[in-house]
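Peer 1: Take this structure, written in structure tokens, and hold onto it; I'll ask about it next.
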Amino acid sequence: MYLEHFGLSEVPFRITPHTDFFFAGANRGATLEALMYAITHDEGIVKVSGEVGSGKTMLCRVLMERLPASVSIVYLANPSLARDDILYAIADELQLEIPEHTRLSAMLRVLQNHLIELYAGGRQVVVLIDEAHAMPAETLEEIRLLSNLESNRHKLMQLVLFGQPELNDVLGRADMRQLKERITHNFALEPLVREDIADYLDFRMRAAGYKGPNVFAPAAIREIAGAARGLTRRVNILADKALLAAYSENTHQITAKHVRAAVADSEFGSMPGSGRPAWLAGGALLLVLLLAASAWFVAKQSEISATPVMAAKPEQTTATLPISPPTTESAALPAATTETPARDTTAATAPTDKPASTSGATTALPQATVASAAPPVPQLAAPLVPAAWQKLPQAVQQRLIEHQQWFEQAPDDRWFVQILGTDSSQARRIESLLTRADTLLDPAKLRVYFVPMQGSERMGVIYGDYSSRAAASEAMKALPAELRLYRPYPRQVIKLR
């Protein structure tokens with residue numbers, strides 16, 4: 001809504017990677033150059049670590065664009081790959097056909113022969129592995145074995161691991177010692193300091209077409225720096241919301257007030273040192289966004305209350321009582337039945353031969369109250385929703401239930417398309433993907449799985465149910481381009497058991 005107001009040609013602060021907006025400051029450009037040199041001139045494994053939202057995926061995407069044309073790139077974005085899945089995924093990226101049920105040793109031989117052919121043709125293969133910290137131990141061991149593939153004189157495959165700082169902890173384990181010793185270069189993406197953030201904000205604005213004086217006041221930059229903790233993803237979120245707030249006030253200067261409202265509206269919490277109550281700042285942003293909406297939408301939209309406009313999540317529009325029933329309602333029902341016993345004889349509608357103990361539970365309250373309390377709901381919800389799911393968004397919980405029903409009946413040899421693999425901390429990302437994918441795919445075939453693993457809880461978004469790997473691969477190729485950016489791959493049901 002604010003593009004024309006600020007003279008922008010596109011949104012400057014998207015959270016999805018856009019390589020035209022790569023910021024070379026804060027040592028990012030130097031890290032990119034060092035990465036390119038290490039990949040093209042060295043034969044060891046390269047590791048890049050950084051906090052969530054520090055720009056690892058952006059760096060990886062820019063690296064893919066700037067590597068020489070003689071480099072064949074394999075990008076693996078799904079950390080939940082099993083040991084043999086990673087070989088199939090690499091083969092798919094290299095357009096190498098490997099029959100189903102091929103033994104690991106045979107797969108490695110086929111892959112090595114293909115790599116030798118590529119090397120003889122003057123091509124280098126680089127495998128970029130994102131979210132490596134979340135990979136199973138056996139998959140990391142397979143990566144070590146892949147680093148052994150070589151010709152008489154040279155390595156046939158260059159491996160680059162991208163991961164959160166937890167990757168260092170994983171590599172520090174005794175069973176990971178051999179893999180750690182293969183790593184010859186370590187790069188770390190450090191958080192941005194305040195001066196870097198000021199340069200970053202100005203760079204992104206001008207990359208999006210802005211031509212005026214600096215938009216963000218020094219006080220606003222201080223507020224962003226304090227709340228974002230140097231993470232570019234947080235900076236983008238806060239800057240985008242602050243621009244919207246300024247637009248709603250018809251001003252071209254971003255002030256500390258705009259940023260405080262953006263901080264209060266963001267899930268990563270209040271800005272350190274802010275003396276204003278969160279509800280006050282949140283109310284300010286609520287008013288700001290309502291004003292912006294009124295400037296953009298038709299007058300009919302003013303009938304919508306402020307709270308639904310701002311606070312409603314996609315899952316709140318669906319029937320989710322069986323998933324997470326309010327505890328206050330379930331607790332109120334027994335109290336009502338004990339306080340109004342006299343109403344059994346006047347309000348009961350059950351047959352007279354029915355035991356009083358069974359009719360009283362439904363007649364103690366007026367009909368409308370019984371409907372709102374929904375006595376059967378707590379009894380049904382408990383077995384359906386494990387405790388580990390309760391922290392997840394309700395829309396994600398519903399998909400997990402649907403997946404479990406399918407999963408219990410699906411044979412081990414069935415196949416599906418894995419669109420996204422991550423951990424439970426990224427549940428909101430999964431929710432966002434589901435909301436978008438529902439408009440692009442058949443929602444009945446879209447599912448979410450949850451697999452507890454040692455030290456983490458793996459989650460993923462999957463699609464379809466196919467009889468063979470070939471059928472799943474064809475379905476994968478037919479996915480909308482927007483979803484193919486997630487680098488989906490075919491996977492077998494047995495791998496989730």
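Derivation of every value follows stated rules applied to the coordinates shown; laboratory data play no part. These numbers were taken from a predicted model, which means no experiment stands behind them. FYI the Cβ positions are ideal-geometry reconstructions off the backbone, even for glycines, and counts take in every protein chain you see.
Peer 1: When a/c is below 1.5 the answer is rounded, else prolate if a/b is larger than b/c, else oblate, so apply that to the range 27-189 with a ≥ b ≥ c taken from the square roots of the Cα gyration tensor eigenvalues.
Peer 2: Values: a/c = 1.63, a/b = 1.23, b/c = 1.33.
Verdict is oblate for the range 27-189.
Peer 1: If you take the square roots of the eigenvalues of the alpha-carbon gyration tensor of the range 401-453 and sort them as a ≥ b ≥ c, do you get rounded (a/c under 1.5), prolate (a/b over b/c) or oblate? Spell out each step's value before the answer.
Peer 2: Details: a/c = 1.96, a/b = 1.22, b/c = 1.60.
The shape class here is oblate.
Peer 1: If you don't mind, there's one more thing I want to ask. Between the range 137-189 and the range 19-50, what is the separation of their alpha carbon centroids in Å?
Peer 2: Comparing the Cα centres of the range 137-189 and the range 19-50, I get a distance of 17 Å.
Peer 1: What list of ³J(HN,Hα) couplings, whole Hz, do you get for the range 241-256 from phi and the Karplus terms 6.51, -1.76, 1.60, once you set θ to phi - 60° and write x for glycine and proline?
Peer 2: Going residue by residue, I get 5, 5, 4, 5, 5, 5, 4, 5, 9, 6, 10, 9, 10, 8, 10, 4 Hz, with x marking Gly and Pro.
Peer 1: For a quick protection proxy, order the peptides 106-116, 44-54 by their average other-Cβ count within 10 Å, most packed first. Mind dumping the intermediate values first?
Peer 2: Details: 106-116: 16.5, 44-54: 20.6.
Sorting 106-116, 44-54 by mean packing, highest first, produces 44-54, 106-116.
Peer 1: Most exposed first by the Cβ proxy, i.e. fewest other Cβ within 10 Å, how do PHE450, PHE407 rank? Please report the intermediate quantities before stating the final value.
Peer 2: On the way: PHE450 21, PHE407 16.
Listing PHE450, PHE407 from fewest to most nearby Cβ atoms yields PHE407, PHE450.
Peer 1: Please give the length that would be gained between SER425 and LEU118 if that part of the chain were fully extended, namely 0.36 nm times their separation in residues minus their C-alpha to C-alpha distance (nm, one decimal).
Peer 2: Length difference between fully extended and current span is 106.6 nm.
Peer 1: Want the number for ASN214 to GLU190: 0.36 nm per residue separation, take away the alpha-carbon distance, what's left? Before the final figure, lay out the partial values.
Peer 2: Working: separation 24, 0.36 × 24 = 8.64 nm, distance 2.51 nm.
Gain on extension, ASN214 to GLU190, equals 6.1 nm.
Peer 1: Could you run the Karplus curve 6.51 cos²θ - 1.76 cosθ + 1.60 with θ = phi - 60° over the range 398-406 and give me ³J(HN,Hα) per residue in whole Hz, x for Gly and Pro?
Peer 2: Running phi through 6.51 cos²θ - 1.76 cosθ + 1.60 with θ = phi - 60° gives 4, 5, 5, 5, 5, 4, 4, 5, 6 Hz.
Peer 1: Among TRP406, TRP415, TRP389, what is the fewest-to-most ranking by other Cβ atoms within 10 Å? Walk me through the intermediate numbers first.
Peer 2: On the way: TRP406 17, TRP415 25, TRP389 20.
The order, fewest Cβ neighbours first, is TRP406, TRP389, TRP415.
Peer 1: From the backbone phi of the range 190-196, what are the Karplus-calculated ³J(HN,Hα) couplings (6.51 cos²θ - 1.76 cosθ + 1.60, θ = phi - 60°) in whole Hz, Gly and Pro given as x?
Peer 2: For the range 190-196, the Karplus-derived couplings read 7, x, 6, 8, 4, 5, 5 Hz, x marking Gly and Pro.
Peer 1: Further question on the same structure: Apply the a/c threshold of 1.5 to the C-alpha gyration tensor of the range 437-497 and tell me whether it is rounded, prolate or oblate. The partial results should precede the final answer.
Peer 2: Details: a/c = 1.90, a/b = 1.44, b/c = 1.32.
It comes out prolate by the Cα gyration axes.
Peer 1: Would you please put 85-96, 13-24 in order of how densely packed they are, using the mean number of other Cβ atoms within 10 angstrom per residue and starting with the highest?
Peer 2: On the way: 85-96: 18.8, 13-24: 15.6.
So the order, starting with the most tightly packed, is 85-96, 13-24.
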